[in-house]
Amino acid sequence: MPTQTVELPMAGSDVGTAGSTSRNAPRNMSRNTPQYRAIDQLAEGDDVMRDLVERGKRLIDRGIPILILGETGTGKEYLSRALHEYSERRRAAWVAVNCASIPESLAESELFGYCKGAFSGALPGGMKGKVQQADGGTLFLDEIGDMPFALQTRLLRVLSEREVIPLGAMRPVPVDVQLICATHQDLKTLIAEGRFREDLYYRIAGGVLRLPALRERADRRRVIMNMIAAELAVDDADETMIAPAALQRMLAYPWPGNLRQMHAVIRYSCAVMDGGRIDVRDLPEELMQFQAANLGHTGHAANVRPIVPQADTAAIPLRQSGEALLDERTRVIDALNGSRWNISAASRQLGMCRASLYRKLRQLDIPHVRDQAMPAYAVA
């Protein structure tokens, strides 16, 4: 296939309908106009990302389902959009579904749609499900590991037969979609636990792309930070500078939320900075409180803490005392670390609902870093 220049919205831009993006967007646009980044620029100067992007470009037009793996905040959704915009389906719809956010009672109708009068409260004319909406284009199933087990069976049939049966329909409707799935979970572990169908795994994992975490890209952190800062600058300067002391602390920080967290931190710092550059005093509280060990003179940390937050039982005071409470706290922290601090996964492991786990975190004084907005060029 001939070389194509496919571009993604950069930080701070509003993402429009898939397929409506100009493929030759001008570079001298104002701050309020969406800017775009070509797919090949997502891997500039990064051999690991270059290999991953090239493999994805070879897969996307072969009718092979793609599974994108990676920790929370590494840019799985944006790689999916980039691959769609590169593909021959780019003029059709790119439809995203977060399998973890749809209530189980509504998941079937959301995915497969329904006909007129299918159930009480249904729209008079029925509704096309996400699968039909993506016909001719790309269907992106985010957090596929959180899809209800019963729904996995119906999805498997859709993928096998290339047809969908809306609720209340008498006959199936043929569909043609490029499937891209993503998850931060280990699907093989979910299969062993009986929470994910093995046959569905082999159906969706035709080609696996694993996005690296920020801790695996230490040599790219400086470039990514300056790129984000320049693109979030609110004045007429060509780029926003990061002061050496602030950059040193940011390079040493473990970034448990990966690129999503980095974008949120720099966005905050750009909003409060004074004088056109980010200084230490402009960093948010979590970085101000971070105590990096053995910072080098070049701005790199000799000893960077693990990417998954580790609660220090000695540093965080307990509201209650006693060996039983300490054991419970350790059990909760182990569950959070084992699930990479995903509340849904940790609550299932602990045998409690999400609300109960949040109450337990407050009771045991365990901090929890919530996800924030993600930059559109996240895998750069």
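Simple spin-label estimate for GLU161 and TYR202 gives 2.1 nm between the two label positions (7 Å along the Cα-to-Cβ direction from each Cα).
The alpha-carbon of LYS57 sits under 21 angstrom from the alpha-carbons of these lysines, leaving out residues fewer than 8 places away in its chain: LYS76.
What does the highest-first list of 84-93, 198-207, 249-258 look like by mean Cβ count within 10 Å?
Put in order of decreasing packing, that is 249-258, 84-93, 198-207.
Near the amide H of LEU67, within less than 5 Å, lie the amide hydrogens of CYS181, GLY206, GLY207, VAL208, LEU209, all on another chain or at least 5 residues away, with H placed in the peptide plane. The local environment of ALA246, defined by Cβ-Cβ distances under 9 Å, has a net charge of +1 under the rule Lys, Arg +1 and Asp, Glu -1. When each of the peptides 99-109, 130-140 is scored by the mean number of other C-beta atoms lying within 10 Å of its residues, the order from highest to lowest reads 130-140, 99-109.
FYI, it's all coordinate maths here, none of it is from the lab. In this text the structure is predicted, and so the values were computed from the model without any measurement. With ideal geometry, Cβ positions are generated from the backbone for all residues, glycine too; neighbour counts draw on all protein chains shown.
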